[in-house]
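Notes to accompany the following structure.
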Amino acid sequence: MANLQLSEGAKNKMSIDLQNGLGTDSESRWWALYTRHQHEKTVAEVLTNKGFDVFLPLYDSMRRWKDRKKLLSLPLFPCYVFVRGGLSQKLQVVSTPGVHMILYRGDQVAFIPEAEIQAIRAVVDGHYRVEPHPFLKCGDRVRVTRGTLEGVEGILTRKKNLVRLVLSVEMLAQSVAVEVNASDVEPVIPPRFLAEPASIRTTQVGRQFVRTGRSSLGLVNG
């Protein structure tokens with residue numbers, strides 16, 4: 001069997017690629033672009049035409065003026081566009097009109113977890129009522145147990161009489177909220193509770209979850 005050896009130039013390129021997050025699995029990972037205001041759709045369209053795998057989640061918003069009203073399709077994450085793979089062609093991306101920059105964490109490209117992208121995609125594709133929401137990181141974490149969002153996890157909140165599931169993209173520090181039925185979610189029990197001998201259960205009373213045993217699930221007022 002022949003021995004394959006890399007030239008010094010190839011080794012150096014591989015080292016640079018790894019330092020910039022261009023490993024062997026980078027082509028299947030999501031990352032984000034920061035765009036100029038109201039240029040998200042243009043950027044997404046141009047990059048799609050260039051052959052990039054682009055995700056721009058949108059939501060419908062009714063805007064009213066004195067003499068008319070209009071249903072607009074707006075970005076869920078203003079000034080952000082998601083791209084999967086293609087980091088070896090970054091020059092084509094950053095040279096696209098309307099693109100400000102690629103998001104980095106330190107000196108490496110900031111990758112977006114697949115689970116976060118798929119959760120947002122499920123909400124958008126499922127035609128739910130969804131809208132941007134102030135970034136929310138703390139609260140009672142729940143999992144949807146039925147419907148097209150089954151398996152999606154987020155933080156439970158309440159706005160007036162509506163129960164909402166808040167999904168966040170940590171890297172962007174932004175969230176979106178989707179209306180759900182309170183009976184369609186269950187608490188996500190932290191691993192430390194699973195190891196405890198005491199029984200843990202939650203009971204739903206109307207639209208409120210009450211404490212039973214060592215665990216509780218409440219509604220965060222939004």
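Figures for the structure shown
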read-out	value
Pro97, sole failed condition from (1) in a loop (DSSP other than H, G, I, E, B); (2) within 23 Å of Ser168 (Cα to Cα)	(2)
Subset of segment 134-157 that is in contact with a helix residue (DSSP H, G or I) (Cβ under 9 Å, 6 or more places away or on another chain) and assigned to a strand (DSSP E or B) - its residue that is surrounded by the fewest Cβ atoms within 10 Å (Cβ to Cβ)	Glu153
Filter pass, Pro113 being modelled with pLDDT of 95 or more and exposed (fewer than 14 other Cβ atoms within 10 Å of the Cβ)	yes
Asp53 being surrounded by 12 or more Cβ atoms within 10 Å (Cβ to Cβ) and in contact with a Leu (Cβ under 6 Å, 6 or more places away or on another chain)	no
Segment 56-74: number of residues that are touching a residue at least 12 places away in the same chain (Cβ under 8 Å) and surrounded by fewer than 12 Cβ atoms within 10 Å (Cβ to Cβ)	2
Residues satisfying the stated conditions in segment 31-50, i.e. of a type outside the set (S, T, N, Q) and either without any contact (Cβ under 8 Å) to a residue 24 or more places away in the chain or in a strand (DSSP E or B) (or both)	Trp31, Ala32, Leu33, Tyr34, Glu45
Filtered residues of segment 167-183 (kept if closer than 19 Å to Tyr80 by Cα, in contact with a strand residue (DSSP E or B) (Cβ under 6 Å, 6 or more places away or on another chain), of a type in the set (A, V, I, L, M, F, W, C) and without any contact (Cβ under 8 Å) to a residue 60 or more places away in the chain)	Leu167, Ala177
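Okay, residues lined up against (1) out of contact with any Phe, Trp or Tyr (no Cβ under 6 Å at 6 or more places or on another chain); (2) assigned to a loop (DSSP other than H, G, I, E, B); (3) not assigned by TED's automatic domain parsing to the domain that holds Lys50:
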{"site": "Gln92", "(1), (2), (3)": "yes, no, no"}
{"site": "Met101", "(1), (2), (3)": "no, no, no"}
{"site": "Ala119", "(1), (2), (3)": "yes, no, yes"}
{"site": "Pro132", "(1), (2), (3)": "yes, no, yes"}
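The values are calculated or read from the model by the stated rules, or taken from the named source; none is laboratory data. It should be emphasised that the depicted structure is a prediction, and the values quoted were computed from it without experimental measurement. We place every Cβ from the backbone using ideal geometry, glycine too, and count neighbours over all the protein chains shown.
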